Amino acid sequence: MKHTLVTLFSVMLLTLTSRSLAQEPLPVYLDDSQPVEARIEDALSRMTLKEKIAIIHAQSKFSAPGCPRLGIPELWLSDGPHGVRMEFVWDDWNHADWTNDSCTAYPALTCLAATFNPDLAFRYGNAIGQEARYRKKDIILGPGVNIYRTPLSGRNFEYMGEDPYLSSRMVVPYVKGMQQNGVAACLKHFALNNQEKNRDNINVEVSDRALREIYLPAFKAGVQEGGVWAIMGSYNKFRGQYCSHNEILINQILKKEWGFDGVMLTDWGSAHDTDEAARNGLDLEMGSWTNGLTWGVSSAYDNYYLAQPFLKKIESGELPESLLDEKVRRVLRLCFRTNMNRNRPYGCKLTPEHTEIARRVAEEGIVLLKNENHFFPIAPGRYQKIAVIGENAVKRLSEGGGSSELKPQKEISPLEGMIEKYGREHIVFTLGYASGAPNYSNELPSGLDVDSLVQEAVKVAREADVVLFFGGLNKNFQQDCEGDDRRNMDLPFGQNELIERIIKANPNTGIILISGNAVSMPWLSKVDGLIQSWYLGSQGGPATANVISGEVNPSGKLPFSIPVKLEDNSAHYFGEESYPGVNGTQYYKDDILVGYRWYDTRKIKPQFPFGYGLSYTTFRYGKARTDKKNYTANESVKLTFTLKNSGAKAGAETVQVYMSQKKPSVLRPVKELKAFKKVYLQPGEEQVVELEIPVQSFAFYDEGLGDWKLENDKYTLHVASSSRKIHSTATIEVNN
Ligand code: GLC
């Protein structure tokens, strides 16, 4: 009896409370049916001053606290642009050594750019977004879209090359693909991070025109077309003010002119001043050194510029609370787009689809630079003994390099890929050269004896039917590594001498360079086969072997020019003031002439031009035609031409269209990329390629106007297969 009464009573109680709870409406900020902006204002109105201060700066190495009392979750951030980085301990740069934080390592962004395939960029961003979501990350700190200005920059491998149009077309789908998973992409590093040397404080002086035409377009596209939810400030200064709290870049351009409604966050340690951070649009402070700008003191997040110092200035009335509220609104908007969005998918990781995308991007990004006497493809069975020589055939290149390091669940090396493709009995491997372990701050010599490595390599080469040398750069300090630049453009670790010795021992040698940067090639005339490969990640081996064997027809195109020598490069042509800077300031004297814009305008022949890449088949271009002769500013040119696969293998060609203005009132590059399209054709197949090119895209930035200017003039459109190989032209006239 008693038991029944108790049960009855508890059921009544439960009914009463549940009915009373059900009667109380959900707070607006928690109600998914409410508009985000209303939810933001409601949450903001409920937060105390201290809670508002807390939500705009880090609580650990890679997280910010949200608002526990209101049930607004922590924000978790993770590197990086090529995959979801391993876990870190709470408050320093040590890996947490979890056993469940490995990832799919996708190819580096130079490889993605080299595919010239925006559809792949979408799939790439989506894949990382899925893995990030599954790993409960709300912001991925990538992609990087800084322009490749010098071949020495340690982080070019993380970016998408020298051309603002290519970077713009590739970054938009990456952002969209990622953010459809409810994970924020974070464009970086805003702006002008074009070298690593003295990155923490170098002051960049550059003209408005070069800023607008070269260095900002990819960021602008990411914001206005990609709808990116976060942007990371760079370490350097622009016109004397740190970029992470820069009045011109953030308040005037990013937020006011472009209408960016997301979160502007620091790089780790890139905030330097409370007043500037408060007034110049910094919304989220991460990774600051917490005891007076030296090495971080543990768990001293209250020392952050936007923490206690900011609070005190608000409490004293020195700074208005409205500045804080604007930051909190943006962080809250990011929360509602990510960890408070109940409808976002749940993600997944290490799926066969992820592996397939990693392999597809790798295969489509590999660039065939030289192929004489049918050196490539090497069909299985063509040779009995294939020598694979070089440390880059086996080195784990997803490690090191700085913050883009990854812990791939697997990273199939080129050697493993070659053995899988050709059979162990046909492959002979030797190291040839050795670098030390990846490290961010100094060289760690390998300890191996150089001479014996070389002797062994020469012997193996002599005894083989064909030699494939896998060299290039790596992620070691002062290589393709964050924090510093290379000191020259030469292959490191004695590779040039080794290559010469190998070629002498066996002229039937091909070179596969793995890098994120251009290198000098003194041996080029002595080899028949040359491939520019990249940091390909988990599927490097299969992708490399598939291209070498001919199973995949290479279709990559160079996203940056390869100069014959460093002095030919625009940044180095103007001496130290231009690169790396003198007394803390550098002047971008090359201005708008960066990359092929420089080489082609100054008639300096590069070793290999931007947009260049061979195929195992050939393509024939028809005559370019436009839909009419005269255009106004708000029209688009409809450009058509035929493209035929005139060879015996299926393949893909990236057709490129460069624009030149006949009589500009200002200096303009002799050509600027304004369209490209990757066309897949079966042998013998011919397609009519149609491209629509907005006339407005022919404008240049007029510093006097402070705006873009399209002049009435004749404009020539060059249909090309690289910045230097023009197949057909069509000239039109613009009359505004
Ligand atoms: C690094 C990098 C940045 C990275 C951040 C967090 O210094 O510059 O790209 O996302 O710190 O690791």
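Laid out as a table, the results:
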quantity: Quarter of the Cα convex hull surface for region 552-698, i.e. its orientation-mean projected area (nm²); calculated: 11.3
quantity: Accessible area expressed per residue, the chain, with surrounding protein chains retained (probe 1.4 Å, Å²); calculated: 37
quantity: Length released on extending from Arg625 to Gln455, taking residue separation times 0.36 nm less the Cα-Cα span; calculated: 55.4 nm
quantity: Ratio of the Cα radius of gyration of region 2-337 to 2.2 N^0.38 Å, where N counts its residues; calculated: 1.09
quantity: Anisotropy class of the chain from Cα gyration tensor, a/c 1.5 cut; calculated: prolate
quantity: Neighbourhood net charge (13 Å Cβ-Cβ; Lys/Arg +1, Asp/Glu -1) for Val394; calculated: -2
quantity: Rounded, prolate or oblate (a/c below 1.5 giving rounded, otherwise prolate when a/b exceeds b/c) for region 476-569 by Cα gyration tensor; calculated: oblate
quantity: Region 561-627: mean projected area of Cα convex hull, nm²; calculated: 7.1
quantity: Simple Cβ-charge dipole of the chain, Lys/Arg +1 and Asp/Glu -1, about Cα centre, in debye nearest 20; calculated: 1760
quantity: Backbone HN-Hα couplings from phi across region 692-706 [Karplus 6.51/-1.76/1.60, Hz, Gly and Pro as x]; calculated: 9, 10, x, 4, 4, 6, 8, 5, 10, 8, 9, 5, x, 6, x
quantity: Local net charge near Ile250, Cβ-Cβ under 15 Å (Lys/Arg +1, Asp/Glu -1); calculated: -1
quantity: Relative contact order computed over region 211-292 (Cα-Cα under 8 Å; 6+ residues apart), in percent; calculated: 30
quantity: Highest to lowest packing among 660-666, 69-75, 222-228, scored as the average C-beta count within 10 Å; calculated: 222-228, 69-75, 660-666
quantity: Selected from Ala379, Tyr235, Gly471, residue furthest toward positive end of dipole (the chain; charges at beta carbon); calculated: Ala379
quantity: Normalised per residue, the volume of the convex hull around the Cα set of region 278-393 (Å³); calculated: 266
quantity: Nitroxide proxy distance, nm - points 7 Å out along Cα→Cβ at Glu318 and Arg239; calculated: 2.6
quantity: Cα long-axis angle, helix 495-505 against the chain (0 to 90 degrees, to the nearest 10); calculated: 30
quantity: Degrees, to the nearest 10: 352-365 long Cα axis against longest axis of the chain; calculated: 40
quantity: Potential extension, Arg69-Asp707 segment - 0.36 nm per residue separation minus Cα distance; calculated: 225.0 nm
quantity: Principal axis box of region 619-734, alpha-carbon based, largest edge first, Å; calculated: 54, 25, 19
quantity: Paramagnetic reach from Lys605 (point 7 Å along Cα→Cβ, amide N under 19 Å) across region 715-736; calculated: 721-727
quantity: Solvent-accessible area, 1.4 Å probe, carbon plus sulfur percent, for region 619-734; calculated: 48
quantity: 5 angstrom amide H check on Cys186, placed H, neighbours 5+ away; calculated: Ile140, Gly142
quantity: Two-decimal Rg/Rh across region 366-560, once Rg and the Kirkwood Rh are taken from alpha-carbon atoms; calculated: 0.93
quantity: With Cα atoms, 0 to 90° folded angle of helix 450-462 axis to the chain main axis; calculated: 50
quantity: Fraction of beta bridges assigned by DSSP in the chain that are antiparallel (%, nearest 5); calculated: 60
quantity: Summed residue charge, Cβ within 10 Å of Arg133's Cβ, Lys/Arg positive, Asp/Glu negative; calculated: +3
quantity: R0 of 22 Å, Cβ-Cβ distance Glu685-Ala379: FRET efficiency to nearest 0.05; calculated: 0.45
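The values are calculated or read from the model by the stated rules, or taken from the named source; none is laboratory data. Keep in mind the model is a prediction, meaning the values are calculated, not measured. Reconstructed Cβ throughout: ideal geometry from the backbone, glycine too, with neighbour counts over all protein chains shown. Note: accessible area is taken over every heavy atom of the protein model, side chains too, but ligands, DNA and RNA are not part of it. Shrake-Rupley method; radii C 1.70, N 1.55, O 1.52, S 1.80 Å.
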